Amino acid sequence: MLVLGTFFIADSTLTPTAHAEEYFVNIPFGAFNPELNTPAEVWFDPPVLQIHEGDTITWYNDDGEGHTVTSGEGSGRFGWMDTKDLGVSNGIFDSKRFMPGDSWEYTFEN
């Protein structure tokens, strides 16, 4: 199982399931800067997913800024704003920057 959280996805062991699921995660308008007066309360919506080996997540950038989706450990949405610490990648995946209106997907193989 893997838990999808703030800016990074936690590293965990995935367990296979009988059939793969597909999930869609929105990066809402205003997600880039939580200090702005925007409706975004989270970087990702939904902010948490439990997935299994073979599942695919598609992230859609509905914000006005470019975003990345990177595996590893991060300081969280407000921690990033306070420290500018982007976290530490574990090298499993990195979307690179994708712009407003674009999407990126990843299938969790193991």
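The values are calculated or read from the model by the stated rules, or taken from the named source; none is laboratory data. Bear in mind that the values here come from a model prediction, so they are computed numbers and not experimental data. Quick reminder, even Gly has a Cβ in these numbers, built from the backbone with ideal geometry, and neighbours come from all protein chains shown.
For the reader, a short list of remarks on this structure follows.
- Residue within region 39-57 that is touching a Gly at 6+ places or on another chain (Cβ under 8 Å) and modelled with pLDDT under 75 present: yes
- Pair list, Cβ under 6 Å, 6 or more apart: region 42-55 residue of a type in the set (A, V, I, L, M), other residue part of a loop (DSSP other than H, G, I, E, B): Ile51/Phe108
- Tally, over region 69-110, of residues that are modelled with pLDDT of 90 or more and surrounded by fewer than 17 Cβ atoms within 10 Å (Cβ to Cβ): 15
- Flag if Asn26 is part of a strand (DSSP E or B), modelled with pLDDT of 65 or more and of a type outside the set (Ser, Thr, Tyr): yes
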